[in-house]
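Report on one structure; see the data block that follows.
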Amino acid sequence: MSADDLPVIAAVDGSTHGWEALDWAAAEGLRRGSQLVIVHVRPYTGRTDAESDVREAEELLGEAVARTSRSAPGVPVSTLAPLDFPSAALTSLSRDASMVVVGSRGLGGFRALMIGSNSLATASMAHCPVVVVRTGRTDGSEAGAPGPLNDVVAGVAADESSGAVLDFAFEAAACRPEARLRVVHGWTMFSSMLSGGPVLDREAASASADLALAELTAGRGGSHPEVEVVREPVRGSASRTLVTASATAALTVVGRRKGGEALGLGLSPVAQTTVTHALGPVAVVPA
């Protein structure tokens, strides 16, 4: 099975955030012509009434299928209800998915927690991109007609580690007619020194960052010539720019591990900050 044939996985649990994730995943499946697999993970609860658990899962998944048929008619849909820890089940399923879509919080038995629980764990461990959805709807209402055209924003490091981020971002922009791709790269005088660039000349360091970003994106639009690319080198951390941009972006895309390994983090500092504070959907792409 090629990458283009892999399904979009949406995790649902009956929470408002889970419905947001499902609506976003259904719309993305429709844009990409992909199958949608709706997953409700039945967490270990210690309950002895297994039949009741299965029945509740079937009712929830039935509601999810009906909701999808209304919001994205024509998308092929299947369902799964594994018994497992939510992040563990989604990580396992991610091996055969084009992306996993989760709500910003509310998976499984952790409905009272903010970002930092199952959504972050899945984004930290999955084998494919994980989209953490936050749409601003608070009542569980179904998605309406698409709003004004928005850009796709990608946060990158100016080296080869950002290849997967750019590939995913280009694909996301290409399936949104006339969407621009904004490529954001944060730089500092210290990062310039570490990369062998200018050390004391701020203007030279800025020009060097701009050149590095141009080289990083050069040639990548060949398969998607219709996508307009806007390069945005930013002095300082890219996190603030990405969080601000996420408020009006169709999708913000970040890499998972660049800079995070030494701190023992599954997510890099930029990815962690962006996912935690973003005002719209964020895709976390494995390096």
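Computed from the coordinates by the stated procedures, all read-outs in this text should not be read as laboratory data. From a predicted model like this one, the values you see are computed outputs, not experimental measurements. Please note: Cβ atoms are built from the backbone with ideal geometry, for glycine as well, and neighbour counts cover all protein chains shown.
Brief remarks follow.
- Relative to its residue count, the range 14-54 spans a Cα convex hull of 78 Å³ per residue.
- Cβ-derived FRET efficiency at R0 30 Å, His277 paired with Arg235, nearest 0.05: 0.90
- Taking amide H as placed 1.01 Å from N in the peptide plane, Leu279 has its amide H under 5 Å from the amide H of Ser246, Ala247, each at least 5 places away in sequence or on another chain.
- Histogrammed with a bin width of 10 Å, the alpha carbon distances of the range 24-106 distribute as 16, 47, 30, 6, 0 percent, first bin at zero.
- Note on Glu228 and Ser78: with the Förster distance fixed at 41 Å, the Cβ-Cβ geometry gives a FRET efficiency of about 0.70.
- Amide H contacts of Val101 (H built 1.01 Å from N, under 5 Å, at least 5 apart or other chain): Ile9, Ala10, Ala11, Val131
- With a Förster radius of 51 Å applied to the beta-carbon distance between Asp96 and Arg202, the computed FRET efficiency rounds to 0.60.
- The protection proxy used here, the mean number of other Cβ atoms lying within 10 Å of each residue, ranks peptides 166-173, 32-39 as follows, highest first: 166-173, 32-39.
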